[in-house]
Amino acid sequence: MRYLPKSDSERRQMLEACGVASPEELFSHLPEAVRLNRPLALDPGISEYKIVEYFRERAAQNANGYASFLGAGIYNHYRPVLVDTVVSRGEFLTSYTPYQAEISQGTLTTIFEFQTMICQLTGMDVANASMYDGSTAVPEASLMAVRATGKGRVLVAKSVHPEYREVLRTYARNQGMPVEEFGYLSAAGTLDLEELERKIDDLTGAVIVQSPNFFGIVDEVKAAAEIAHKRGALLVVIFTEAVSMGILEPPAGADIIAGELQSFAISPSYGGPYAGIIATKEKFIRQMPGRLVGQTTDSRGNRAFCLTLSTREQHIRREKATSNICTNQALIALMATVYMTVYGKQGLRELAEQNLAKAHYLAGKLTPRFTGKFFNEFVVKAEGKSPDEINKALLKKKIIGGLPLGRFYPELADCLLVCATEMSRRADMDLVAEAAKAALPAAEVLA
């Protein structure tokens with residue numbers, strides 16, 4: 001909304017039209033005790049050029065020109081210029097919830113295309129209009145599985161993003177939904193399927209795994225699905241790196257897929273906003289949270305779109321609602337839609353191949369901690385120095401290093417999670433490798 005300043009004469013005209021002599025008279029109906037009869041304790045206004053100068057100075061304090069090897073759910077990918085060109089249009093940037101289909105065909109069309117592309121990527125029958133982010137999509141997917149099976153217990157792999165698991169526990173606490181974790185193999189970094197078999201029982205409604213998992217490893221989804229289905233549970237598969245879907249087959253045996261689309265042209269942006277998704281088989285469609293846009297015809301027989309299904313508690317009887325999620329990330333999801341359109345099927349595959357090649361180039365200069373196959377991030381053990389010391393050395397070279405894992409996995413306190421994308425330059429990857437080798441004892445480097 002534009003700021004339109006008013007002159008003193010214009011203010012007088014407005015007050016006359018209201019039949020009062022001063023702005024204070026507009027509040028005369030309020031008790032004297034609740035009225036503020038002094039100016040607000042704010043600094044005096046400053047000129048426009050001073051404001052611009054202030055923000056330029058603050059912007060100059062930001063770290064610019066740094067190479068980043070951080071991943072762990074937030075990835076540094078290229079954003080095509082066309083994305084901002086489209087989402088900056090007023091029709092999308094300022095649009096509201098498309099309840100009135102007759103005036104919202106543009107927004108409804110983009111959501112429909114988004115849902116269609118997500119189904120193509122995941123291999124599922126139906127996808128919703130988006131969730132707030134990947135972390136909230138995980139508990140919504142688990143609640144969906146519990147409703148569909150009528151079983152209240154949830155098993156989640158420790159190789160699922162640790163912050164996603166924290167959000168899941170927060171949701172589950174007041175739902176009375178027991179959540180238990182099962183481990184990963186210390187050598188391969190993949191699911192400990194034997195522990196899953198020991199812990200699953202006939203009261204388990206959902207088994208949650210991630211692939212590529214938090215360590216970047218492509219996990220044993222098919223085997224986990226067989227174990228879950230044998231005990232009547234649904235398999236929920238999570239992803240955080242959407243670019244991996246350009247090269248990996250859709251997860252075999254998955255009943256629900258939930259994840260994060262930040263990789264698709266959504267800037268890291270200080271932690272958000274992002275866009276999550278839930279996709280599933282058609283038979284579970286009425287258990288999905290959020291909303292669905294469907295195709296119909298208008299009064300003239302032309303193709304049109306409308307909100308087909310919305311299962312939030314504000315729209316239907318509360319006891320029938322699947323979630324109280326109030327909306328969807330339409331503008332952020334539009335970024336992902338434009339991104340998928342720009343790259344297309346072949347382009348997304350080529351992008352994934354670039355990520356795969358660069359990560360394996362870097363891994364070839366280091367020693368991955370796990371033996372499992374990985375996509376574009378992997379765990380490396382720090383030798384000689386701590387992960388924090390290695391990262392401090394890299395920062396001096398304008399490189400943001402990997403994520404120290406001790407915060408989430410005490411058993412991996414000497415490890416870093418390192419990510420390489422299409423944005424990673426070979427020279428920077430060589431510097432990362434040199435920093436890691438510099439931490440090794442001299443005899444080991446020579447070896």
*Of the cross-linked pairs LYS345/LYS397; LYS222/LYS281; LYS222/LYS345; LYS345/LYS398; LYS392/LYS437; LYS283/LYS320, which ones have a Cα-Cα span greater than 26 Å in the structure shown?*
LYS345/LYS397; LYS345/LYS398
*Helix 426-438: angle to the longest alpha-carbon principal axis of the chain, degrees 0 to 90, nearest 10?*
60
_Heavy-atom surface of the stretch 114-154, accessible at 1.4 Å and reported per residue (Å²)_ = 26
*Where both residues lie in the chain, what percent of DSSP beta bridges are antiparallel, nearest 5?*
55
*Translational diffusion coefficient, Stokes-Einstein: compute it for the chain using the Kirkwood radius over C-alpha pairs as Rh, at 20 °C and 1.002 mPa s, and state it as an integer in µm² s⁻¹.*
87
*On average, how much accessible surface per residue is there in the stretch 165-239, in Å², for a 1.4 Å probe, leaving out ligands, DNA and RNA?*
42
_Among ALA17, SER28, GLN61 the positive-end extreme of the charge dipole of the stretch 8-61 (Cβ point charges)_ = GLN61
*asked:* How many angstrom lie between the Cα centre of the stretch 225-285 and the Cα centre of the stretch 156-176?
replied: 16
*asked:* Only Cα pairs within less than 10 Å get springs; with that Gaussian network setup on the chain, which residue of ARG425, ARG303, ARG38 has the largest fluctuation?
replied: ARG38
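What does the charge dipole of the chain about its Cα centre add up to, to the nearest 20 debye, if the Cβ of each Lys and Arg holds +1 and the Cβ of each Asp and Glu holds -1?
Working: 49 positive and 51 negative charges, 51 e Å.
Around 240 debye, computed over the chain.
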*Which net charge results for the neighbourhood of SER263, defined as the other residues with beta-carbon distances under 14 angstrom from its beta-carbon, given Lys and Arg at +1 and Asp and Glu at -1?*
-4
*What ³J(HN,Hα) values, in whole Hz, does the Karplus curve 6.51 cos²θ - 1.76 cosθ + 1.60 give for the stretch 342-350 when θ = phi - 60°, with x put for Gly and Pro?*
5, 6, x, 4, 5, x, 5, 5, 5
*Report, for the stretch 143-241, the % of DSSP beta bridges that are antiparallel, rounded to 5.*
5
*How far is helix 134-149 tilted, in degrees, relative to the longest principal axis of the Cα atoms in the chain, given as a value from 0 to 90 rounded to the nearest 10?*
80
*asked:* 5 Å is the cut-off here: which amide hydrogens, built 1.01 Å from N in the peptide plane, fall below it relative to VAL156, excluding neighbours closer than 5 in sequence?
replied: GLU180, GLU181, PHE182, ILE208
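Please give the calculated 222 nm ellipticity per residue for the chain, where each DSSP H segment of at least 4 residues contributes -39500 (n - 2.57) and the sum is spread over every residue; nearest 500 deg cm²/dmol?
Details: 13 runs with 161 residues, N = 447.
So the calculated ellipticity at 222 nm is -11500 deg cm²/dmol.
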_Alpha-carbon radius of gyration plus Dmax, which is the widest Cα pair, for the stretch 6-120 in Å_ = 25.0, 65
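Considering only protein heavy atoms and a 1.4 Å probe, what is the carbon-and-sulfur percentage of the accessible area of the chain? The partial results should precede the final answer.
Values: 12590 of 23570 Å².
Result for the chain: 53 percent of the exposed heavy-atom area is carbon or sulfur.
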_Which of GLN354, GLN262, GLN105 ends up with the largest GNM mean-square fluctuation for the chain, with Cα atoms connected below 10 Å?_
GLN105
*Rounded Å value of the spacing that divides the Cα centres of the stretch 333-364 and the stretch 8-83*: 39
*Go ahead and set up a Gaussian network model of the chain, Cα springs under 10 Å, then flag whichever of VAL218, VAL209, VAL52 fluctuates most.*
VAL52
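If you place +1 on the Cβ of every Lys and Arg and -1 on the Cβ of every Asp and Glu, how big does the dipole about the Cα centre of the stretch 153-272 come out, in debye to the nearest 20? Before the final figure, lay out each step's value.
Working: 10 positive and 17 negative charges, 58 e Å.
For the stretch 153-272, the charge dipole is close to 280 debye.
Could you provide, to the nearest whole Å², the per residue accessible area of the stretch 1-100 with probe 1.4 Å? Don't skip to the end; give the middle numbers.
Values: 8490 Å² over 100 residues.
Result: 85 Å² per residue.
Sequence gap at least 6, Cα distance under 8 Å: using those rules, report the relative contact order of the chain to the nearest whole percent.
19
The values are calculated or read from the model by the stated rules, or taken from the named source; none is laboratory data. Here the structure is a predicted model, which is why all the values come from computation and not from measurement. Ideal geometry is used to build each Cβ from the backbone, glycine not excepted, and the neighbour counts take in all protein chains shown. Protein only, heavy atoms only, side chains kept; ligands, DNA and RNA dropped before computing areas. Shrake-Rupley method; radii C 1.70, N 1.55, O 1.52, S 1.80 Å.
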